[in-house]
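Everything on this sheet refers to the single structure shown next.
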Amino acid sequence: SEDSELTGGNASPYALSKLKMEEAAGKLVVSGLDCVIARPFNHIGPGQESGFLLPDLYEKIRNLQDSQSAIKVGDLSTRRDYTDVRDVVKAYAGLVAAKKLNYKVYNICSGKSTSGKEILDLLSISSGSQGIDVEQDASLIRPSDPREIYGSYERLKSDIGWMPQIPLAKTISDFVSAHS
């Protein structure tokens, strides 16, 4: 559920830090502050800088030399919930402008998971670089990474009518156009 808690052993330090921030926000609510918690899942899109899957893969493709046969990647089988950043901004704006919200916690997500391999395939098509081979690099793999993460945007849909509008293929195509 959207307000379920993360539990110790399987939660990453990142997830635990987010939980601590939500706990801090909860204390502020008790003291009278009107606030809502937005949980944005992975967002991607035009202008995204390195340090994230899409721009890092794009940079590797662009730097591929004729003498190289493959790009080095981590585990592209893990699945994440990716939402176009332009849709994410609309969700934030809708939450801010809402006259009434029925919940204190909202996921901002697409509601489905996509593998890193699927991102690479869409990126290859959009950049005109089909046929790229990959070589898994053990140093790029995070052993504690969950296999799959995705959320539900049903609360946003019911309270403010929000749902993601921009298809992933368009997001990636727009990213490539913005970085060409």
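A few remarks follow.
- Strands (runs of 3 or more DSSP E) fully within the stretch 50-135 counting 1 or more residues that are modelled with pLDDT under 95, in contact with a strand residue (DSSP E or B) (Cβ under 6 Å, 6 or more places away or on another chain) and open to solvent by 90 Å² or more (accessible area, probe 1.4 Å): 70-73
- Test: residue in the stretch 2-14 that is modelled with pLDDT of 85 or more and either assigned to a helix (DSSP H, G or I) or over 21 Å from the mean Cα position of the chain (by Cα) (or both): no
- Within the stretch 156-170, considering residues that are out of contact with any Gly (no Cβ under 9 Å at 6 or more places or on another chain) and free of Cβ contacts under 8 Å to residues at least 60 places away in the same chain, the one least open to solvent (accessible area, probe 1.4 Å): 169
- Restricting the stretch 44-68 to residues that are without any contact (Cβ under 8 Å) to a residue 60 or more places away in the chain and of a type in the set (S, T, N, Q), the residue that is farthest from residue 169 (Cα to Cα): 67
- Residue in the stretch 140-155 that is over 21 Å from the mean Cα position of the chain (by Cα), open to solvent by less than 50 Å² (accessible area, probe 1.4 Å), closer than 19 Å to residue 39 by Cβ and of a type in the set (Gly, Ala, Ser) present: no
- The set of residues in the stretch 136-180 that are at pLDDT below 85, of a type in the set (S, T, N, Q) and outside any helix (DSSP H, G or I) comprises 144, 180.
- Close pairs from the stretch 26-43: first closer than 17 Å to residue 148 by Cα, partner among the basic types (Lys, Arg) and open to solvent by less than 70 Å² (accessible area, probe 1.4 Å), Cβ under 7 Å, at least 6 apart: 42/80
- Options 173, 177; residue that is of a type outside the set (Asp, Glu) and loosely packed, with under 13 Cβ neighbours inside 10 Å: 177
- Cβ-Cβ distances below 6 Å connect the following pairs, each with a first residue in the stretch 76-93 that is over 22 Å from residue 145 (Cα atoms), a second residue that is in a strand (DSSP E or B) and not basic (Lys, Arg), and a separation of six or more residues or different chains: 85/43; 88/40; 88/43; 88/108; 91/108.
- Condition met for residue 47 (open to solvent by less than 60 Å² (accessible area, probe 1.4 Å), within 18 Å of residue 177 (Cβ to Cβ) and either touching a His at 6+ places or on another chain (Cβ under 7 Å) or not hydroxyl-bearing (Ser, Thr, Tyr) (or both)): yes
The values are calculated or read from the model by the stated rules, or taken from the named source; none is laboratory data. From a predicted model like this one, the values you see are computed outputs, not experimental measurements. All Cβ positions, glycine included, derive from the backbone under ideal geometry; neighbour counts span all protein chains shown. In case anyone asks, the SASA skips ligands and DNA or RNA and just uses the protein heavy atoms, side chains included. Shrake-Rupley method; radii C 1.70, N 1.55, O 1.52, S 1.80 Å.
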